[in-house]
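The values are calculated or read from the model by the stated rules, or taken from the named source; none is laboratory data. Treat the numbers as computed from the prediction; the structure is a model and nothing was measured. Please note: Cβ atoms are built from the backbone with ideal geometry, for glycine as well, and neighbour counts cover all protein chains shown. Surface accessibility is based on the protein's heavy atoms, side chains included, excluding ligands, DNA and RNA. Shrake-Rupley method; radii C 1.70, N 1.55, O 1.52, S 1.80 Å.
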Amino acid sequence: MNTSSAHVEYQSSRADPDLIDEADVLDALYADQMGAADRDAWERFDHAQHAAATCDASLDQLDDLSTVSRRATATQWRVIDDTLRLARQDPEPWVGTDPTADPAWSDPRGRSIATVRRLRSEFAVRAAVADIGARLRIAEVTVHAIAGRTATLRERCPRVWADFLHGRVSTENAAIAADVAAALPDDATAWALFDDAVADAAQRCTPSGFRRRARAARERVHPEPIDERHARAREDRTVCSTPEFDGLATISLTTDAADAASALERIDGIVDHLQAQDGETRTRAQLRADVAIDLLRNGSSPLAADAPSDTAISITIPMMTLLGRGDAPATLDGYGPIPLETARRYAAGAKSLVRILTDPVNGTVLDIDRRTRRIPADLRRWLWARDPECAFPGCARSSRECDIDHRLDWQYGGKTSADNNEPLCTAHHPVKHESLWRLSRDPVTGVREWTSPSGMTVGLDPPPF
C-alpha cells in the first residue's frame, strides 16, 4: 500500500486543497527509508489524527446545530405569538370587514357593538390558530400553548427569553420556565426575582434538574407564605387509578410532599431487604410496585416481614426557624421548600437531628487519615448536604442513592475528605474511572470542573435548592 494512500481517501474534506499537508511531506520524505512495519505504524498514526480531527469537528458541529435549532424554535415561538397578537388587535384579515364601523349598521341578532367586536377578535385568533396549526402540522392546542408560554416569558422572564432567542437555553427549559412563572401571582417583583433566580440554571441544567430548581425558586419568591398556600392546595389531595394497556393500571396519589417521601422511603427500605435475599430476581421497579400494592391492600408486606420498619427522610430547617425566631423555609431533600408546620412536625418526631452549617464546624470530620478508605457517617452527611445530586453534569440522581467517589483514587494517595470526595451515581461512577472524563478541583477557590474526552469543560450544576 502506498504510504500516501490514506490521504487520498479524505483529500476532499480539507478546507483548502491548495494547502500542503505535513503528512504528505513526511510520507514523501521517508517513503524510501521506511520499512513495511514503519509504514504501517505511520499510517495508523495518520488515521488516528484524522479520526480525532473528525470527532472534534463533529462535536463542534453539534454545538452549532444546537444553537441554530434553539434560535429557530425561539423565533418560531415569537412569530406565533406576534401573529395571534396582531389577529386580536386587527381581526379584519381573518374575519372580514368590521360592520360596526358603519354608523347605520345594526345587528340582526340584537348583539351590542362591544359584543360583536369582542367576538370578531376571538374568532380572528381562532382562525389564525387554525391556520398556523395547518401550516406547521401541529395541534391547535399546541399553538395556544406556544403562544401562552411565549407571552409569559416575554412579560415575566425577559432574561430567560433573551437567552432562548440567542440559543443559550433549550426549548425544554424555556417551556419549564414559562410554566412555573405562569403559576406565580400577578406580582412584577416576584416575576423579576424568579427570572434572576433561574436564568443561569436554565442555561446549565438538564430539564429534570432545571424543573426542580425552577419550582424551588418559585417557592422562595412567591409573595404569599408557603404555609397558607399549602393549606389551600392540600384540599386537592386525592388518589386515583388510570387504566393502562394489557391489563395494567397506574395509581396516582397526591398528598403532602414529606408524607410522600416518607412513604417511598418505607417502600425502598423493604425493597433493599428483599434484594439482599437469595433467589430474588425481580427488578427494583417491580419490587417497588409489589411492595406498595401489598402495603395498600394489606396494611403490611408479607414479602418482607423481617425488613426494618424505620424510615428516614432528610429535611433541612434553619436553626432560627426551628426555634421560632425566623421564617426562612425548610427544605425537603429531593423536593424543595415545604411548609414550616410540616417540617416542625417531622422534627418533633425525629430520633436525632444533625447540625449542618455552610462552613465546617468543630466536631464534623471532613478530613481523616488516608489509611482509612471508608467514608465516615458525618462526612457522608456533609457531602449529601453540599451535593444534593450526583456530581456528574446533568445528572439529577439524589446523592443519597449514589456512591461516594474519591476524585484522586485512594490507592494513589487520595484522601478521604470533603475536598476529595463527591457523590457519583452507579451509572456515572464507572464512566469517570473507565473513560477519559476527569474531575478537577481548584485548590484555592474550591471550584470543581469536569473535562470531557473531547476537551469540553463544564462546571458542576448549581445547587437545586
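Hey, does region 125-144 have a residue that's surrounded by 15 or more Cβ atoms within 10 Å (Cβ to Cβ) and either touching a Pro at 6+ places or on another chain (Cβ under 7 Å) or of a type in the set (S, T, N, Q) (or both)?
No, the conditions are met nowhere in region 125-144.
Quick one: in region 136-152, which of the residues that are touching a residue at least 40 places away in the same chain (Cβ under 8 Å) and within 23 Å of residue 203 (Cβ to Cβ) is nearest to the chain's Cα centre (by Cα)?
Residue satisfying both the conditions and the ranking: 149.
Residues are listed down the side, and each one gets a yes or a no for (1) closer than 23 Å to residue 394 by Cβ; (2) of a type in the set (Lys, Arg); (3) free of Cβ contacts under 8 Å to residues at least 24 places away in the same chain; (4) touching a helix residue (DSSP H, G or I) at 6+ places or on another chain (Cβ under 7 Å):
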position	(1), (2), (3), (4)
186	no, no, yes, no
192	no, no, yes, no
197	yes, no, no, yes
205	yes, no, no, yes
213	yes, yes, no, yes
217	yes, no, no, yes
226	no, no, no, yes
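Kindly list the number of the only condition in (1) open to solvent by 40 Å² or more (accessible area, probe 1.4 Å); (2) not in a loop (DSSP other than H, G, I, E, B) that fails for residue 423.
(1)
Would you mind telling me which numbered condition in (1) surrounded by 13 or more Cβ atoms within 10 Å (Cβ to Cβ); (2) outside any helix (DSSP H, G or I) residue 109 fails?
Going through (1) surrounded by 13 or more Cβ atoms within 10 Å (Cβ to Cβ); (2) outside any helix (DSSP H, G or I) one by one, residue 109 breaks only (1).
Looking only at region 146-185, count how many residues are open to solvent by 30 Å² or more (accessible area, probe 1.4 Å) and in a loop (DSSP other than H, G, I, E, B).
Final tally of qualifying residues: 4.
Hey, can you tell me all the residues within region 63-87 that are loosely packed, with under 15 Cβ neighbours inside 10 Å and under 19 Å from residue 151 (Cβ atoms)?
Passing the criteria: 75, 79, 82.
Specify which of the listed residues (124, 130, 134) is of a type in the set (A, V, I, L, M, F, W, C), out of contact with any helix residue (DSSP H, G or I) (no Cβ under 8 Å at 6 or more places or on another chain) and closer than 19 Å to residue 82 by Cβ.
Result: 134 is the single residue among 124, 130, 134 that is of a type in the set (A, V, I, L, M, F, W, C), out of contact with any helix residue (DSSP H, G or I) (no Cβ under 8 Å at 6 or more places or on another chain) and closer than 19 Å to residue 82 by Cβ.
Give the residues of region 432-465 that are of a type in the set (Val, Ile, Thr), exposed (fewer than 12 other Cβ atoms within 10 Å of the Cβ) and part of a strand (DSSP E or B), sorted by residue number.
457
State all residues of region 265-281 that are of a type in the set (A, V, I, L, M, F, W, C) and open to solvent by 30 Å² or more (accessible area, probe 1.4 Å); if no residue qualifies, say none.
Within region 265-281, 276 is the sole residue that qualifies.
Filtering region 365-384 down to residues that are open to solvent by 50 Å² or more (accessible area, probe 1.4 Å), part of a helix (DSSP H, G or I) and out of contact with any Lys or Arg (no Cβ under 8 Å at 6 or more places or on another chain), which residue is modelled with the highest pLDDT?
Going through the qualifying residues, I end up with 380.
Could you list, in sequence order, the residues of region 385-411 that are open to solvent by 60 Å² or more (accessible area, probe 1.4 Å) and either of a type in the set (Ser, Thr, Tyr) or assigned to a helix (DSSP H, G or I) (or both)?
386, 400, 401, 410, 411
How about region 249-290: which of its residues are farther than 30 Å from residue 330 by Cα and among the β-branched types (Val, Ile, Thr)?
250, 281, 283 - these are the residues of region 249-290 that are farther than 30 Å from residue 330 by Cα and among the β-branched types (Val, Ile, Thr).
Starting from region 239-263, take each residue that is among the β-branched types (Val, Ile, Thr) and list its partners that are part of a helix (DSSP H, G or I) and open to solvent by 60 Å² or more (accessible area, probe 1.4 Å), counting only C-beta distances under 9 angstrom and pairs at least six apart or across chains.
Cβ pairs passing all conditions: 251/293; 251/296; 254/236; 255/234.
Anything in region 88-106 that is surrounded by fewer than 12 Cβ atoms within 10 Å (Cβ to Cβ) and under 25 Å from residue 153 (Cβ atoms)? List them, or say none.
Answer for region 88-106, where residues must be surrounded by fewer than 12 Cβ atoms within 10 Å (Cβ to Cβ) and under 25 Å from residue 153 (Cβ atoms): just 89.
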